[in-house]
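Working notes for the structure below.
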C-alpha cells in the first residue's frame, strides 16, 4: 500500500437497527499526524469516541460523512444501502483517494481502487477513524430523533431491536423512521 499517497478508510454504522439511516464515513489520515487511541468504534467507550471525533476531523487530510435513508434501505436492501452510503462518503472527500479500504466483505463501486478488509475497523487506522465518525454521527442523530419520536427509546438503544424497542413498536406502532423491510417492523405493517 506504500505505492499510494491517498488511502481512504471507509466504514458504516447502523446496518442492524430497525430504525434510522445507515451512516458511512471515509477518512484519509495524515501519515505525519498519527492519532493515538484509534480502534474499532464498538470497542471504545462513548466518552473515548466523542473525544476522538474532533481530533480525527482536525488532523485527517480529508473526511466525509454520508448516509442512506430509511426509504433507500427499504427499496434497495440493507447491503446495497450500506454500499451506497459508503460510495457517497468516498465521493464527498475533498481529496480523492487512490485506494479505498472498506470494512467488511463488499466494496462500493467508486472511481478508485477498493479493497474489502474483514475486521478492518480493528486493524487499519483509517478505517477505525471512519468507524468512529460514522458511529458518533449516527448515535447523535438517533438521540435527536428521540425528541421527534418519543417513547421508542432511540436515545438509549439507537434503533437496535432491544426488548424495550420491540415492546415500544407493539405499543406505539411503526414510526416514519422505522425500516419497513426489516422483519419485526414488517410484521406490524
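As a summary of the residue check, residue 144 satisfies the conditions (1) surrounded by 15 or more Cβ atoms within 10 Å (Cβ to Cβ); (2) out of contact with any strand residue (DSSP E or B) (no Cβ under 6 Å at 6 or more places or on another chain) except for the one numbered (1). Within region 104-124, the set of residues being buried (at least 20 other Cβ atoms within 10 Å of the Cβ) and over 21 Å from residue 80 (Cβ atoms) comprises just one member, 124.
Applying the criterion of being farther than 17 Å from residue 7 by Cα and without any contact (Cβ under 8 Å) to a residue 12 or more places away in the chain to the residues of region 32-48, the residue that is surrounded by the most Cβ atoms within 10 Å (Cβ to Cβ) is 48.
Checking each residue in region 167-179 for being under 23 Å from the mean Cα position of the chain (by Cα) and either loosely packed, with under 15 Cβ neighbours inside 10 Å or at pLDDT below 95 (or both) picks out only 176.
If you go through region 160-178 one residue at a time, do you hit one that is part of a strand (DSSP E or B), in contact (Cβ under 8 Å) with a residue 24 or more places away in the chain and more than 13 Å from residue 9 (Cβ to Cβ)? The answer is yes; a qualifying residue exists.
Just one of the listed residues (93, 84, 101) is in contact with a strand residue (DSSP E or B) (Cβ under 6 Å, 6 or more places away or on another chain), farther than 17 Å from residue 29 by Cβ and surrounded by 15 or more Cβ atoms within 10 Å (Cβ to Cβ), namely 84.
Take the conditions at pLDDT below 95, within 16 Å of the chain's Cα centre (by Cα) and under 11 Å from residue 132 (Cα atoms) and apply them to residue 11. Does it pass? No.
For region 126-135, state whether one or more residues are surrounded by fewer than 20 Cβ atoms within 10 Å (Cβ to Cβ) and either in a helix (DSSP H, G or I) or modelled with pLDDT of 95 or more (or both). Checking region 126-135: not a single residue is surrounded by fewer than 20 Cβ atoms within 10 Å (Cβ to Cβ) and either in a helix (DSSP H, G or I) or modelled with pLDDT of 95 or more (or both).
The values are calculated or read from the model by the stated rules, or taken from the named source; none is laboratory data. Bear in mind that the values here come from a model prediction, so they are computed numbers and not experimental data. FYI the Cβ positions are ideal-geometry reconstructions off the backbone, even for glycines, and counts take in every protein chain you see.
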